[in-house]
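K.L.:
The structure follows.
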Amino acid sequence: MAVTKIHAVTATVDKAVAYICNPDKTDGSIYISSYACAPETAAIDFKYTLDHCRENSPHKAYHLIQAFAPGEVSFDEAHQIGKELADKVLEGKYSYVVTTHIDKGHVHNHIIFCAADNIEHDKYHDCKLYMKPLLCRQDLIL
């Protein structure tokens, strides 16, 4: 079963996105996908959305990590699960970049999403409380 954790990004969105998009970790960038932004411009896209946000909070983005046990899923399956998780949790409101890292003994996904939504420009709240039930659902893992 996949294990997930999430933390806020308060300073360096560009460095966080650069890390998760490393071609050495994503099979030459094959396992990189995004929604409502381009991976190359995600930090700028996030900043634009945050500049229109009504709330003043230090959170610029969130970084979700989803790790699978060795042999649990293929690289392709892991990436598909990561995209489905991001789509389900973020409901088409938030820009995100999802990558699958294949350089370790276990495949794992990184999802970085903007802390403000693209529609109302409201900040994401209670991410741990809201996402915990979704992250544990079997239909998002299998």
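K.L.:
Starting from 0.36 nm per residue, how many nanometres of slack lie between residue 53 and residue 40 once their C-alpha separation is accounted for?
P.N.:
Numbers: separation 13, 0.36 × 13 = 4.68 nm, distance 2.22 nm.
Computed gain between residue 53 and residue 40 is 2.5 nm.
K.L.:
Related question: Is the shape of the range 11-88 best called rounded, prolate or oblate, per the rule: a/c under 1.5 gives rounded, else a/b larger than b/c gives prolate, else oblate, with a ≥ b ≥ c the square roots of the Cα gyration tensor eigenvalues? Don't skip to the answer; put the middle values down first.
P.N.:
Values: a/c = 2.27, a/b = 1.84, b/c = 1.23.
Since a/c reaches 1.5 and a/b is larger than b/c, the shape of the range 11-88 is classed as prolate.
K.L.:
While we're on this one: Helix-derived [θ] at 222 nm for the chain: sum -39500 (n - 2.57) over DSSP H runs of at least 4, divide by residue count, nearest 500? Spell out each step's value before the answer.
P.N.:
Values: 4 runs with 43 residues, N = 142.
Value at 222 nm, helices only, nearest 500: -9000 deg cm²/dmol.
K.L.:
Then there's this: Compute a Gaussian network model of the chain, connecting alpha carbons closer than 10 Å, and tell me which residue from 125, 106, 63 fluctuates the most.
P.N.:
Between 125, 106, 63, it is 125 that shows the largest mean-square fluctuation.
K.L.:
In addition: Bin by bin, in steps of 5 Å, what percent of the Cα pairs in the chain do you find, going until the bin that has the longest distance?
P.N.:
2, 11, 22, 24, 20, 13, 6, 2, 0
K.L.:
Can you tally the net charge around residue 44? Count Lys and Arg as +1, Asp and Glu as -1, for every other residue whose Cβ sits under 14 Å from the Cβ of residue 44. The partial results should precede the final answer.
P.N.:
Values: positive: 15, 47, 60; negative: 14, 40, 45, 51.
Around residue 44, the surrounding residues sum to -1.
K.L.:
Greater than 23 Å separation of Cα atoms is the criterion. Which listed pairs, 25/47; 15/60; 60/104; 5/60, meet it? Mind dumping the intermediate values first?
P.N.:
Details: 25/47 26 Å; 15/60 13 Å; 60/104 28 Å; 5/60 17 Å.
Too far apart for the 23 Å limit: 25/47; 60/104.
K.L.:
What residues qualify as long-range amide H neighbours of residue 122, i.e. H under 5 Å apart, gap of 5 or more or another chain, H built at 1.01 Å from N?
P.N.:
Distant-sequence amide H within range of residue 122: 117.
Bear in mind that the values in this text are calculations on the coordinates, not laboratory data. This is a predicted model, so every value here is computed, not measured. When we count neighbours, we look across all protein chains shown, and the Cβ atoms used for this are built from the backbone with ideal geometry, even at glycine.
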